[in-house]
1. For GLU72, all conditions in the list (1) open to solvent by less than 60 Å² (accessible area, probe 1.4 Å); (2) modelled with pLDDT of 85 or more; (3) not in a loop (DSSP other than H, G, I, E, B) hold save one; what is the number of the exception?
2. Return the residues of segment 50-69 that are of a type outside the set (A, V, I, L, M, F, W, C) and either crowded, with 17+ Cβ neighbours inside 10 Å or part of a strand (DSSP E or B) (or both); say none if nothing qualifies.
3. Which of the residues that make up segment 179-204 are touching a residue at least 24 places away in the same chain (Cβ under 8 Å) and charged (D, E, K, R)?
4. Residue under question is SER79, and the condition is that it be in a strand (DSSP E or B), surrounded by 13 or more Cβ atoms within 10 Å (Cβ to Cβ), modelled with pLDDT of 95 or more and not assigned by the TED database to the domain that holds SER143; does it hold?
5. Please tell me if GLN44 is modelled with pLDDT of 95 or more, surrounded by 12 or more Cβ atoms within 10 Å (Cβ to Cβ) and assigned by the TED database to the domain that holds GLU109.
6. Whether any residue in segment 91-108 is touching a helix residue (DSSP H, G or I) at 6+ places or on another chain (Cβ under 8 Å) and in contact (Cβ under 8 Å) with a residue 12 or more places away in the chain is what I want to check.
Amino acid sequence: MEVTAVFFTLAMLVFILPEKTFQSHNQTNQNDAFLLRITPDRMQHFEYESVSFLCESIDNSTQLKGIRNSKEFVPLCNSKRLLTGLSCTIDKTYQGDSGEYWCETNEGEKSNTVNITVTGGSVILESPALPVIEGESVTLGCSRKTNSTNLAVFYKNDVFLQVTAEDTMIINNFSKSDEGIYKCSFSDVGTSPGSWLVLTGNITFFTFTPPYEDSIYDDSNSPSVLDLLRFAFTIFMAVVVLLLGMSRLKILALKMWRACH
């Protein structure tokens, strides 16, 4: 009976432990973010610059979408499928490419949105494309196409903030009170468009799951390979336990027969 108990315990452990791992993995996947990033990582771009969008998703149906003048469209870009998602590059941007962009799957799942402004002017504000996490330090830059002998001037909501010789401004410990429309200028070159700098505490970065591992732990209606192996092993162990039990009964019956005779 001790041998039978050991085999039964092993069978239950093999059955339960993979299930725990399976459930834990699925819970992790459900928390993964579906994220859109852009390169260069800023909201404003000079006309004719190259801009790349990266949709971080393992869904092969993911595509980049945009909206401008209240009309939704699919951008014309050089797209490439990567292990981490979809890359879409606009080699030369024009002012008409300004607008709101996001990634979307065939099932309607959407990523975060990113707003870009493409300007034909000579000055842009370099600010992060994604919302800022509270407490972070944010560096704003003022970039120009032509040389300037003057200092960069930064504004928030059209109110003067500071003048700097390094063409950059740092906001330490970004908070709700720092939200607003920022812009910069060089008096002898021009003024940048304005860009919203907004706070968020809900951005979660995507954790990529390799395709092989994801296929093994696929949470779908069809059983996975691991499910089938676990089921087959459980049946095998049940048969072993049954045979051991029958053997034990035969020995016990034989002993009783000998005792009676």
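The values are calculated or read from the model by the stated rules, or taken from the named source; none is laboratory data. On a predicted model such as this, the values are computed, not experimentally measured, just so you know. Cβ placement follows ideal geometry from the backbone for every residue including glycine, while neighbour counts extend to all protein chains displayed. All accessible areas refer to the heavy atoms of the entire protein, side chains included, with ligands and DNA or RNA removed. Shrake-Rupley method; radii C 1.70, N 1.55, O 1.52, S 1.80 Å.
1. (1)
2. Start the filter on segment 50-69 by keeping residues that are of a type outside the set (A, V, I, L, M, F, W, C), which leaves 50, 52, 56-57, 59-63, 65-66, 68-69.
Those that are of a type outside the set (A, V, I, L, M, F, W, C) and either crowded, with 17+ Cβ neighbours inside 10 Å or part of a strand (DSSP E or B) (or both): SER52, GLU56, SER57, THR62, GLN63, LYS65, GLY66, ARG68.
3. Keep residues of segment 179-204 that are touching a residue at least 24 places away in the same chain (Cβ under 8 Å), which gives 180-201, 203-204.
If the condition is that a residue be touching a residue at least 24 places away in the same chain (Cβ under 8 Å) and charged (D, E, K, R), then LYS183, ASP188 are the ones that fit.
4. Working: in a strand (DSSP E or B): yes; surrounded by 13 or more Cβ atoms within 10 Å (Cβ to Cβ): yes; modelled with pLDDT of 95 or more: no; not assigned by the TED database to the domain that holds SER143: yes.
Criteria not met by SER79.
5. On the way: modelled with pLDDT of 95 or more: yes; surrounded by 12 or more Cβ atoms within 10 Å (Cβ to Cβ): yes; assigned by the TED database to the domain that holds GLU109: yes.
Answer is yes for this residue.
6. no
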